[in-house]
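Student: The following block contains the structure, expressed as C-alpha cells.
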Amino acid sequence: MATAAGNAHFVEEEYELAVQMYTEALKESPNDADVLSKRSGAYLKLNQLQLALRDATEAVKIDPLLRMAHYRQGIAFFGMEKFRDAFKSFVKGKELAGNQENVSSRFKTWIRKCEAEIEDDDMDTLDTPASQGACPTPAAEPPAPTTPAASAFRHEWYQSPAHVTVSVFQKNLQSSDVAVQFDRHQCMVTFTISGQHVKALDLALFGPIDPSESTYRVSTVKVEIKMKKAETAQWDQLQRSLVAVLPTAASVTPVVNPVPVKPYASNRDWNKIDKTLTDELEQEKPEGEAAMQKLFADIYAKADESTRRAMNKSFVRTEGDS
C-alpha cells in the first residue's frame, strides 16, 4: 500500500510525500528494484540528482532488465553533466526497449543529446597552435563571404532540471567574435562576421534565468549557451509567447504567436517524444498485487481530502497489524 500511496502522490506532483511513501515501502522490501526506480524518479523531480542516481544505480544492480531504472540513471548522469555515463545508460535502455518504437525513440533522443555534448567536449580538447618556422607564401585571399541574416543561424536546445542549453551553429568563430548578453528573461547572441555585427539569436525566454550563473563557450562548429534556471521547473518551450502590442486606432492587426522552438529543431516534435516520468507511471500495466496498488493509487488521486485522510488512517492500521 505504501508504494500505491507513493504513486498517487507522484501523480499529484507531491514529490516530497512520494519520496516518503516509497521510503516506507523500501523498509519492508529494501531490494525492490521497481520502488527504488520510482523513488529515483521522485528525486529527479525534486532536482536531487545525487539521490536519484543512487537509487537508479541500485535498482539497475538488482534488476539489470528494468528499463526505467536505466532511463532515470541516464537522466541523473546527464543533469550532472556526466555525458558519457549518461550515454551508456541510455544505450542500455534502448536495447531493453527492443521493438517498442514509442519507448525506443525516447532513448534515441537522449542518446543524440549525449552525442552532441560528447562531440563538443572532444572538440574543445583539440589543440590548434600557431604554426612556427618560416612564413609560408600567402595565398590569394578568397572572396569575402556574404554576411548571413540572423534567421540563417540554426539552433537547437534541450534542458535538464537546472539548466537550459542552446547551441547556435556557426563554424570558425573565435571567442572575440561572439557576444552573449544575459538578462533574467532574455538572451541575445551577436556574432562578428566579415567585420559586421550580426544578431544571431534574440530569445524572450520561457522562464527566468540567473544571469550571473549563465555561461557560454565557443567551439569550432558552434556556440553553446548554458543558462541557469532561476526556478527548478520544466519549460514547455524555449521562448514565451509574445504579448500583443496595443494597436493604434487606425487598424487592428491580428497577432500570430510564433511556433514554439523545439529541442533539436526539426520536423519532429521532440517535446512530445521526450515524455515525462509521470507518463511512465500512468502507462504502467501492473498485475497481481501491483494491480491492487494501482487501483488504490487511482482512487486516492481522485478522492477529496476527507476520503484521503480515511484511506491513510486505514493504511496505517493495516501496516500496524502486519
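Student: Determine whether Arg84 is crowded, with 21+ Cβ neighbours inside 10 Å and either of a type in the set (Lys, Arg) or in contact (Cβ under 8 Å) with a residue 60 or more places away in the chain (or both).
Tutor: No.
Student: May I ask you to list the residues in the range 87-120 that are of a type in the set (Ser, Thr, Tyr) and without any contact (Cβ under 8 Å) to a residue 60 or more places away in the chain?
Tutor: Selection gives Ser89, Ser104.
Student: With respect to Ser104, determine if the residue is in a helix (DSSP H, G or I) and either buried (at least 23 other Cβ atoms within 10 Å of the Cβ) or of a type in the set (D, E, K, R) (or both).
Tutor: Criteria not met by Ser104.
Student: Let me ask something additional. What number goes with the only condition from (1) surrounded by fewer than 16 Cβ atoms within 10 Å (Cβ to Cβ); (2) at pLDDT 90 or above that Val180 does not pass?
Tutor: (1)
Student: Can you tell me which residues in the range 183-238 are farther than 30 Å from Ala42 by Cβ, basic (Lys, Arg) and loosely packed, with under 15 Cβ neighbours inside 10 Å?
Tutor: Across the range 183-238, the qualifying residues are Lys199, Arg217.
Student: Every residue in the range 74-105 that is closer than 27 Å to Asn31 by Cβ and under 13 Å from the mean Cα position of the chain (by Cα), please.
Tutor: Those that are closer than 27 Å to Asn31 by Cβ and under 13 Å from the mean Cα position of the chain (by Cα): Gly74, Ile75, Ala76, Phe77, Phe78, Gly79, Met80, Ala86.
Student: Just checking, how many residues over the range 28-56 are within 19 Å of Leu96 (Cα to Cα) and surrounded by fewer than 18 Cβ atoms within 10 Å (Cβ to Cβ)?
Tutor: So the answer is 0.
Student: With the condition kept exactly as written, say whether any residue in the range 150-160 is among the aromatic types (Phe, Trp, Tyr) and either touching a residue at least 60 places away in the same chain (Cβ under 8 Å) or surrounded by fewer than 17 Cβ atoms within 10 Å (Cβ to Cβ) (or both).
Tutor: Checked the range 150-160: at least one residue is among the aromatic types (Phe, Trp, Tyr) and either touching a residue at least 60 places away in the same chain (Cβ under 8 Å) or surrounded by fewer than 17 Cβ atoms within 10 Å (Cβ to Cβ) (or both).
Student: While we're here: Wholly within the range 1-79, which helices (runs of 4 or more DSSP H) include no fewer than the required count, namely at least 1 residues that are free of Cβ contacts under 8 Å to residues at least 60 places away in the same chain and among the charged types (D, E, K, R)?
Tutor: Answer list for the range 1-79: 15-28, 33-45, 49-62, 67-79.
The values are calculated or read from the model by the stated rules, or taken from the named source; none is laboratory data. The structure presented is a predicted model; accordingly, all values stated were derived computationally and were not measured. Neighbour counts are summed over all protein chains in view; Cβ atoms, including those assigned to glycine, are modelled from backbone coordinates with ideal geometry.
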